[in-house]
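Engineer: Structure below; questions to follow.
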Amino acid sequence: MKLNKGKLGKITLCVERNSDGYADIIVLDQLGNKVDSVVIDEEKINEKLKEMKMHWEKHNYVVNVEKTAKTILGKFEIYQDTAGKFRFRLKAANNKIIAVSEAYESKDACHKGIRSVMKNAPKAGILDLT
């Protein structure tokens, strides 16, 4: 039996430049979820991008490289609060916090909360109770 060695998925490598002479190379999956990130000296960006692209292609992914992180419209960050509960915050592209979640008992439940927001927010209306 011959195995089909098709592509596993798509990966996007985005470069987000910082003002301190460094840059973040952010790895996004096909859903826009952050998979990994690397902070690197700006002078070494192209070399590192080439290395990372080869790594993902070796693992059978289609890789797209974007020199600007403008494709990242926002991001969810998971963290633990002072009580040890899991929460997420939604940050805009300018890194400002625009929403904070309730507390979750487990990281898995927190991930489910994020998926629920991602699924329901595009269809949500605005109810002004003032």
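Engineer: May I ask you to say which residue of GLU105, GLU57, GLU42 is out of contact with any His (no Cβ under 8 Å at 6 or more places or on another chain), among the acidic types (Asp, Glu), in contact (Cβ under 8 Å) with a residue 12 or more places away in the chain and surrounded by 11 or more Cβ atoms within 10 Å (Cβ to Cβ)?
Structural biologist: GLU42 is the lone residue from the list that is out of contact with any His (no Cβ under 8 Å at 6 or more places or on another chain), among the acidic types (Asp, Glu), in contact (Cβ under 8 Å) with a residue 12 or more places away in the chain and surrounded by 11 or more Cβ atoms within 10 Å (Cβ to Cβ).
Engineer: Among the residues of segment 108-130, count how many are among the β-branched types (Val, Ile, Thr) and touching a residue at least 12 places away in the same chain (Cβ under 8 Å).
Structural biologist: Residues in segment 108-130 being among the β-branched types (Val, Ile, Thr) and touching a residue at least 12 places away in the same chain (Cβ under 8 Å): 2 in total.
Engineer: Restricting to segment 81-99, what's the tally of residues that are assigned to a strand (DSSP E or B) and either surrounded by 13 or more Cβ atoms within 10 Å (Cβ to Cβ) or of a type in the set (Gly, Ala, Ser) (or both)?
Structural biologist: The number of residues fulfilling the criteria is 8.
Engineer: Take the conditions modelled with pLDDT of 85 or more and of a type in the set (Val, Ile, Thr) and apply them to ILE72. Does it pass?
Structural biologist: No, not satisfied.
Engineer: Quick one: in segment 89-130, which of the residues that are modelled with pLDDT under 95 and hydroxyl-bearing (Ser, Thr, Tyr) is nearest to GLY32 (Cα to Cα)?
Structural biologist: Applying the filter and picking the extreme gives SER116.
Engineer: Take VAL100 and tell me if it is touching a strand residue (DSSP E or B) at 6+ places or on another chain (Cβ under 6 Å), free of Cβ contacts under 8 Å to residues at least 60 places away in the same chain and within 25 Å of ILE25 (Cα to Cα).
Structural biologist: no
Engineer: Identify all residues within segment 46-69 that are in contact with a strand residue (DSSP E or B) (Cβ under 7 Å, 6 or more places away or on another chain), at pLDDT 85 or above and over 28 Å from ARG115 (Cβ atoms); write none if there are none.
Structural biologist: Passing the criteria: LYS48, LEU49, LYS53, GLU57.
Engineer: Another question, then. Any idea how many residues of segment 100-109 are assigned to a helix (DSSP H, G or I) and under 24 Å from GLU16 (Cβ atoms)?
Structural biologist: Selection size over segment 100-109: 0.
Engineer: Please find, among LYS67, LYS75, the residue that is over 13 Å from the mean Cα position of the chain (by Cα) and either loosely packed, with under 14 Cβ neighbours inside 10 Å or in contact (Cβ under 8 Å) with a residue 12 or more places away in the chain (or both).
Structural biologist: On inspection, the qualifying residue turns out to be LYS67.
Engineer: Looking at (1) free of Cβ contacts under 8 Å to residues at least 40 places away in the same chain; (2) surrounded by 13 or more Cβ atoms within 10 Å (Cβ to Cβ), which is the only condition VAL62 fails?
Structural biologist: (1)
The values are calculated or read from the model by the stated rules, or taken from the named source; none is laboratory data. Computed from a predicted model, the values in this text were never measured in an experiment. When we count neighbours, we look across all protein chains shown, and the Cβ atoms used for this are built from the backbone with ideal geometry, even at glycine.
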